[in-house]
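A.B. asks: To start, I am sharing the structure in question, which I have written as C-alpha cells.
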Amino acid sequence: MTLPPISKRLLSAIPFVREGSFLADVGTDHAYLPLYLCLTGKIRGAVAADVREGPLSSAKANIKAYGLADKIETCLSDGLLKLAPFAPEDVSIFGMGGELIASIMAAVDWTKDGKLRFILQPMTKTESLRAYLAREGFAILDETLTKEDGRIYQTLSVAFDGKNRTLSPLALLVGEKNLERGGELLAELLLAKQKTFTEILAAKRAAGLDTEYERTVLAEIESYLKEKTL
C-alpha cells in the first residue's frame with residue numbers, strides 16, 4: 001500500500017485520533033492527514049475542509065487518486081461553519097496561528113460537546129490558544145512536542161468539560177503536561193523561549209515599556225530548568 005507523503009508534524013496527530021472515528025480536517029490543504037488515516041484504517045471516514053478553492057482542488061485530486069472518494073468528502077468552509085452536517089467526532093486543525101484556531105472554535109456552539117475531540121497544532125501564539133481553552137472550559141487531555149526541520153511543534157488533544165482553568169504563564173506557553181513530562185525537546189523549546197523573551201525584555205526596557213510579563217516568564221523558565229537539572 002502506498003501512503004501519501006506526510007510530514008512528521010502531521011504524524012503527531014495520529015496518536016490523538018480515535019479508532020473508528022469520523023474526522024473533520026480543517027485547513028486540509030492536500031488532505032494528506034485524512035488520506036493517511038483512512039488508508040491505515042484508523043478512521044472510518046472524513047471530511048476534508050478548507051477556506052480556499054485551490055487547496056480544496058488539490059485535496060479532491062488526491063482523494064480521487066487514492067480511490068477514497070467513498071470515504072473522504074470535501075467541503076469549502078470557513079473554519080467549522082459548514083461542518084456540523086457531517087457530524088464529526090474528531091476535529092483536526094493544523095497549520096494556523098493559535099488566535100485563529102481559537103476564533104474558529106468560538107465561531108460555532110457545537111464545539112462545546114464533550115463527546116468531540118479536537119487535535120490542534122498552533123503554528124504561533126500557542127499561549128493565546130491555551131488561554132482560550134482554559135477560559136472556555138476545554139480540557140487539554142494530552143499534548144506532545146515534535147521537531148521537524150529545526151522547528152518544534154506543539155500538538156494538543158482537547159475536549160470540552162465545562163471547567164474553567166488557570167494556567168501559569170509558562171504553562172500557557174509550553175503546556176502543563178509537557179512540563180510534567182519533561183525531556184530533551186522541552187528543554188530545547190524552553191531555551192529558545194528564554195532567548196526570545198530575553199530579547200523582548202531588553203527591547204521593551206529600552207523603550208520604557210512594562211516588562212512584568214517577560215520577567216515572570218523568564219523567572220519561571222529559569223526555575224524550571226534549575227529544578228530539572230539538580
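The values are calculated or read from the model by the stated rules, or taken from the named source; none is laboratory data. Just so we're clear, the structure is a prediction, and the values are computed from it rather than from any experiment. Reconstructed Cβ throughout: ideal geometry from the backbone, glycine too, with neighbour counts over all protein chains shown. Ligands, DNA and RNA are stripped out before the accessible areas are found, and what is left, the full protein with its side chains, is counted by its heavy atoms. Shrake-Rupley method; radii C 1.70, N 1.55, O 1.52, S 1.80 Å.
A.B. asks: Being assigned to a helix (DSSP H, G or I), surrounded by 16 or more Cβ atoms within 10 Å (Cβ to Cβ) and either at pLDDT 95 or above or of a type in the set (Val, Ile, Thr) (or both) is the requirement here; does residue 179 meet it? Break it down stepwise before answering.
C.D. replies: Details: assigned to a helix (DSSP H, G or I): yes; surrounded by 16 or more Cβ atoms within 10 Å (Cβ to Cβ): yes; either at pLDDT 95 or above or of a type in the set (Val, Ile, Thr) (or both): yes.
Yes; evaluated as a whole, the condition is true for this residue.
A.B. asks: Something else now. Working only within segment 124-134, note down all residues that are assigned to a helix (DSSP H, G or I), within 10 Å of residue 98 (Cα to Cα) and not small (Gly, Ala, Ser).
C.D. replies: 126, 127, 129, 130, 132
A.B. asks: Let me ask something else. Being part of a helix (DSSP H, G or I) and either open to solvent by less than 20 Å² (accessible area, probe 1.4 Å) or touching an Asp or Glu at 6+ places or on another chain (Cβ under 9 Å) (or both) is the filter here, so list the residues in segment 135-144 that pass it. First the steps, then the outcome.
C.D. replies: Start the filter on segment 135-144 by keeping residues that are part of a helix (DSSP H, G or I), which leaves 135-136.
Those that are part of a helix (DSSP H, G or I) and either open to solvent by less than 20 Å² (accessible area, probe 1.4 Å) or touching an Asp or Glu at 6+ places or on another chain (Cβ under 9 Å) (or both): none in segment 135-144.
A.B. asks: Which of (1) polar (S, T, N, Q); (2) open to solvent by less than 60 Å² (accessible area, probe 1.4 Å); (3) under 22 Å from the mean Cα position of the chain (by Cα); (4) more than 21 Å from residue 95 (Cβ to Cβ) is the odd one out, the single condition residue 166 does not satisfy?
C.D. replies: (2)
A.B. asks: Can you name the number of the only condition in (1) out of contact with any strand residue (DSSP E or B) (no Cβ under 7 Å at 6 or more places or on another chain); (2) within 25 Å of residue 89 (Cβ to Cβ); (3) assigned to a strand (DSSP E or B) that residue 147 fails?
C.D. replies: With respect to (1) out of contact with any strand residue (DSSP E or B) (no Cβ under 7 Å at 6 or more places or on another chain); (2) within 25 Å of residue 89 (Cβ to Cβ); (3) assigned to a strand (DSSP E or B), residue 147 is out only on (2).
A.B. asks: On the given criteria, is residue 222 under 12 Å from the mean Cα position of the chain (by Cα), of a type in the set (Asp, Glu) and farther than 17 Å from residue 92 by Cβ? I'd like the intermediate steps shown before the answer.
C.D. replies: Numbers: under 12 Å from the mean Cα position of the chain (by Cα): no; of a type in the set (Asp, Glu): yes; farther than 17 Å from residue 92 by Cβ: yes.
Criteria not met by residue 222.
A.B. asks: Give 63, 101, 72 a once-over and let me know the one that is modelled with pLDDT of 95 or more, touching a Gly at 6+ places or on another chain (Cβ under 8 Å) and open to solvent by less than 10 Å² (accessible area, probe 1.4 Å). Break it down into steps so the answer makes sense when it comes.
C.D. replies: Values: 63 fails: touching a Gly at 6+ places or on another chain (Cβ under 8 Å); 101 fails: touching a Gly at 6+ places or on another chain (Cβ under 8 Å).
Every option except 72 fails the conditions.
A.B. asks: Would you point out which residue out of 199, 214 is charged (D, E, K, R) and in contact with a Phe, Trp or Tyr (Cβ under 7 Å, 6 or more places away or on another chain)? Steps first, answer last, please.
C.D. replies: Numbers: 199 fails: in contact with a Phe, Trp or Tyr (Cβ under 7 Å, 6 or more places away or on another chain).
Matching residue, one of 199, 214: 214.
A.B. asks: Could I ask something else about it? Suppose we filter segment 62-82 for residues that are within 21 Å of residue 117 (Cβ to Cβ) and touching a His at 6+ places or on another chain (Cβ under 9 Å); how many remain? Give the derivation first.
C.D. replies: Of the residues in segment 62-82, the ones within 21 Å of residue 117 (Cβ to Cβ) are 71-73, 75, 77, 79-82.
This time we only want the ones that are touching a His at 6+ places or on another chain (Cβ under 9 Å), so: none.
The qualifying residues number 0.
A.B. asks: Just one of 52, 18, 44, 9 is crowded, with 18+ Cβ neighbours inside 10 Å and either at negative phi or polar (S, T, N, Q) (or both); which is it?
C.D. replies: Details: 52 fails: crowded, with 18+ Cβ neighbours inside 10 Å; 18 fails: crowded, with 18+ Cβ neighbours inside 10 Å; 44 fails: crowded, with 18+ Cβ neighbours inside 10 Å.
That would be 9, the only listed residue that is crowded, with 18+ Cβ neighbours inside 10 Å and either at negative phi or polar (S, T, N, Q) (or both).
A.B. asks: In segment 122-134, is there at least one residue being surrounded by fewer than 18 Cβ atoms within 10 Å (Cβ to Cβ) and without any contact (Cβ under 8 Å) to a residue 12 or more places away in the chain?
C.D. replies: There is no residue in segment 122-134 that is surrounded by fewer than 18 Cβ atoms within 10 Å (Cβ to Cβ) and without any contact (Cβ under 8 Å) to a residue 12 or more places away in the chain.
A.B. asks: Specify the residue that is farthest from residue 120 (Cα to Cα); the eligible residues are those in segment 21-41 that are open to solvent by 10 Å² or more (accessible area, probe 1.4 Å) and small (Gly, Ala, Ser).
C.D. replies: 41
A.B. asks: Among 94, 118, which is within 11 Å of the chain's Cα centre (by Cα), crowded, with 18+ Cβ neighbours inside 10 Å and over 20 Å from residue 165 (Cβ atoms)? Before the answer, list the steps.
C.D. replies: Numbers: 118 fails: over 20 Å from residue 165 (Cβ atoms).
Only one candidate passes the filter, namely 94.
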